[in-house]
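Below is one structure, written out as structure tokens, with a few remarks after it.
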Amino acid sequence: MLEYYILTFDSSNKSIKAERVLRKNKLKARVIPIPEELSRGCGFSVKLEGELEIAKDFLKEKNIYSRGIYKFKEDSGRKIIKIGEK
């Protein structure tokens with residue numbers, strides 16, 4: 001089973017800043033389009049593989065706060081669990 005997190009932000013710029021902070025700190029993160037299950041509009045989010053709490057700490061140090069945090073589980077289908085905001 002594949003599991004990962006999607007962090008959404010108020011702007012594309014914040015998504016890009018968040019990715020830079022996380023990658024600089026050796027976390028597996030990348031900017032991706034917001035999955036259509038979360039938003040019908042365009043925009044970017046950050047896909048994070050593992051270490052959510054550590055990622056949140058790094059972002060908090062830089063005053064970067066997410067709008068939403070979702071856990072995706074993919075097996076035979078896709079399950080999305082909203083696990084937090086900010």
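The values are calculated or read from the model by the stated rules, or taken from the named source; none is laboratory data. Everything numeric here is computed off the predicted structure, so don't read it as measured data. Heads up, the Cβs are rebuilt from the backbone with ideal geometry, glycines too, and the neighbour counts pull from every protein chain shown. Quick note on the areas: whole protein, heavy atoms, side chains included, nothing else; ligands and nucleic acids left out. Shrake-Rupley method; radii C 1.70, N 1.55, O 1.52, S 1.80 Å.
Grouping the Cα pair distances of the chain into 10 Å bins from zero gives a pair-distance distribution of 19, 56, 23, 2 percent in increasing distance order. Stretching the chain fully between residue 63 and residue 16 yields a gain of 15.5 nm (0.36 nm per residue, less the alpha carbon separation).
Here region 1-77 exposes an accessible surface that is 45 percent carbon and sulfur, computed with a 1.4 Å probe and the other protein chains kept in place. Placing a label point 7 Å from the Cα of residue 76 along the Cα-to-Cβ direction, the residues of region 1-19 with a backbone N closer than 17 Å are 1-2. Hey, what angle do you get for helix 12-24 against the long axis of the chain, alpha-carbon based, 0 to 90 degrees rounded to 10? The answer is roughly 80 degrees.
For region 2-85, the solvent-accessible area with a 1.4 angstrom probe is 64 square angstrom per residue. Using C-alpha pairs under 8 Å with a sequence gap of at least 6, the mean separation divided by the residue count of the chain gives a relative contact order of 38 percent. Using a cut-off of under 20 Å, list every residue of region 52-73 whose amide N is near the label point 7 Å from the Cα of residue 24 along the Cα-to-beta-carbon line. Residues passing the 20 Å test: 52-67.
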